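The values are calculated or read from the model by the stated rules, or taken from the named source; none is laboratory data. Worth saying up front: this structure is predicted, and the values here are computed from it rather than measured. Here the Cβ is made from the backbone with ideal geometry for all residues, glycine too, and neighbour counts use every protein chain on show. Keep in mind that these areas ignore ligands, DNA and RNA; they rest on the heavy atoms of the full protein, side chains included. Shrake-Rupley method; radii C 1.70, N 1.55, O 1.52, S 1.80 Å.
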Amino acid sequence: MNKYQNLIILGWSNYDERIHDLFDVSFLIDVRIKVTFVDVSEITIKGYHIPGKFQPEGLAYEKILSESDLKSFIKMQDNDNTLYLLYMTYCRFSYNCFRLLSKMKCKQIYCSNGVFPSIPLQQRFSVIFSKVFSQKFPDLLRSAYVKVLMRTKLIAPINYYLETCQFSANTNECKIGNQTHIVKFNSTDYQRAKKDSSLPISDRYLVFLDQNMPFHPDGKLEGIVYDSDDYFERMNCLFSKLEEKYSCEIIIAAHPTVSRKCRYNDFWGNRKVLFNETAPLVKHSMGVIAHYSTAIGYAVIWEKPILFVYTDDMKIKANQSFLIEQKIGELLNSPVVRLNDYIADDLILTVDKEAFGFYKYGYLTNEDSEKRMNGEILMDILKSC
């Protein structure tokens with residue numbers, strides 16, 4: 001008999017396929033674990049929503065409208081046999097959820113879902129200062145306040161910390177204590193890559209890992225506004241050069257936050273745009289074009305050449321992302337080029353296998369977990385004594 005019969009996932013957006021795949025939800029449901037997803041966006045980041053509706057058979061779904069609703073929901077659970085999995089980082093938006101679970105002595109899991117390489121300390125300070133000055137003073141005070149509260153007994157340490165790679169050291173994403181169990185886990189992209197990924201594409205193509213750059217809701221949340229006309233003009237110009245150089249086509253692996261699916265190919269010169277097919281697209285491609293997407297993990301796993309690109313607009317308005325992109329390119333020994341003056345004639349797409357191997361275990365998976373599915377790992381936790 002399982003120690004914990006129920007798994008409740010709290011997310012600050014709606015349920016989507018990333019959550020489904022990362023935690024192997026269908027597998028858990030099949031082995032008779034009651035899985036409930038609780039959407040707490042109304043009391044964390046109000047209005048935050050991933051486009052599309054995805055709710056697999058057997059998944060229970062709850063929409064929380066107030067903190068009192070969440071408290072009532074938790075009280076109704078058999079909390080001796082329930083684990084709460086937090087799909088959100090600890091911050092001023094989510095403090096109320098972490099605090100309530102702590103107060104009600106709920107058993108909690110947190111997953112560090114893969115990480116990006118850290119940027120040099122000097123550059124990190126400049127990013128931090130720019131963020132500080134861009135925040136409103138009350139928001140800045142609350143951010144500092146909740147970080148202080150993490151060090152008090154008001155916030156309980158996580159019971160289980162799912163560590164997806166060597167460098168996924170917790171950096172205030174949640175509270176870790178002496179009794180926290182560190183469990184090796186796989187990142188979303190590594191988990192997806194292990195599943196069947198057949199796609200009937202035989203033509204020569206490069207795949208672009210779309211970031212929904214000008215329209216991403218996270219950008220809007222941070223007050224970043226891109227010049228969309230400039231972005232698409234420069235990207236399409238690059239694509240045309242690469243198509244000519246390699247006698248291939250460019251296929252767009254659309255980002256899950258894209259909302260205008262029926263018109264999205266208009267932005268890309270009527271090129272082929274595919275949704276929810278990123279893993280198989282990368283697997284069968286000649287190579288990958290990217291900004292700083294976590295989906296570069298697929299290219300690393302299947303050893304596909306990567307070309308990183310950026311615009312001046314991206315460098316200025318999302319400097320931290322630009323610096324991370326530069327760092328990833330350096331680690332993978334892959335080119336990082338500025339679109340404003342880029343000419344494709346001298347480009348050679350290659351793979352440094354040693355660098356790719358280092359990145360795989362550093363940022364995507366662990367030797368202890370890579371041969372197992374995440375659902376099996378979660379079952380070990382659910383059955384543990």
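Among what's in segment 151-189 and is in contact with a helix residue (DSSP H, G or I) (Cβ under 6 Å, 6 or more places away or on another chain) and outside any loop (DSSP other than H, G, I, E, B), pick the residue that is modelled with the highest pLDDT.
The selected residue is 160.
Would you confirm whether any residue within segment 4-22 is open to solvent by 40 Å² or more (accessible area, probe 1.4 Å), within 23 Å of residue 103 (Cα to Cα) and more than 25 Å from the chain's Cα centre (by Cα)?
Scanning segment 4-22 turns up at least one residue that is open to solvent by 40 Å² or more (accessible area, probe 1.4 Å), within 23 Å of residue 103 (Cα to Cα) and more than 25 Å from the chain's Cα centre (by Cα).
Those residues that are in contact (Cβ under 8 Å) with a residue 40 or more places away in the chain, in contact with a Leu (Cβ under 8 Å, 6 or more places away or on another chain) and not in a helix (DSSP H, G or I), I need them from segment 28-44; list them, please. First the steps, then the outcome.
From segment 28-44, those in contact (Cβ under 8 Å) with a residue 40 or more places away in the chain are 28, 31, 33, 40, 43-44; that's our starting set.
Remaining after also requiring in contact with a Leu (Cβ under 8 Å, 6 or more places away or on another chain): 28, 33, 40, 43.
Within segment 28-44, 33, 40 meet the criteria.
Report every pair of residues separated by at least 6 positions or lying on different chains whose Cβ atoms are under 8 Å apart, first residue within segment 85-109 and under 16 Å from residue 39 (Cα atoms) and part of a helix (DSSP H, G or I), second open to solvent by less than 40 Å² (accessible area, probe 1.4 Å) and among the aromatic types (Phe, Trp, Tyr).
Close Cβ pairs (under 8 Å, with a partner that is open to solvent by less than 40 Å² (accessible area, probe 1.4 Å) and among the aromatic types (Phe, Trp, Tyr)) amount to 98/90; 101/84.
Looking only at segment 265-279, which residues are crowded, with 19+ Cβ neighbours inside 10 Å and either under 18 Å from the mean Cα position of the chain (by Cα) or free of Cβ contacts under 8 Å to residues at least 12 places away in the same chain (or both)?
Within segment 265-279, 278, 279 qualify.
So which residues in segment 54-74 are open to solvent by less than 40 Å² (accessible area, probe 1.4 Å) and modelled with pLDDT under 95, if there are any at all?
56
Considering only residues that are in a loop (DSSP other than H, G, I, E, B) and crowded, with 21+ Cβ neighbours inside 10 Å, which ones fall in segment 288-304? Explain how you work it out, then say what you get.
Here is the first cut: in segment 288-304, the residues in a loop (DSSP other than H, G, I, E, B) are 291-295, 302-304.
Passing the criteria: 291, 292, 293, 295, 304.
If you check every pair at least six apart or on different chains, which have Cβ atoms under 7 Å apart with a residue in segment 202-215 that is at pLDDT below 80 first and a residue that is not in a loop (DSSP other than H, G, I, E, B) second?
Correct list of pairs: 203/249; 214/228; 214/231.
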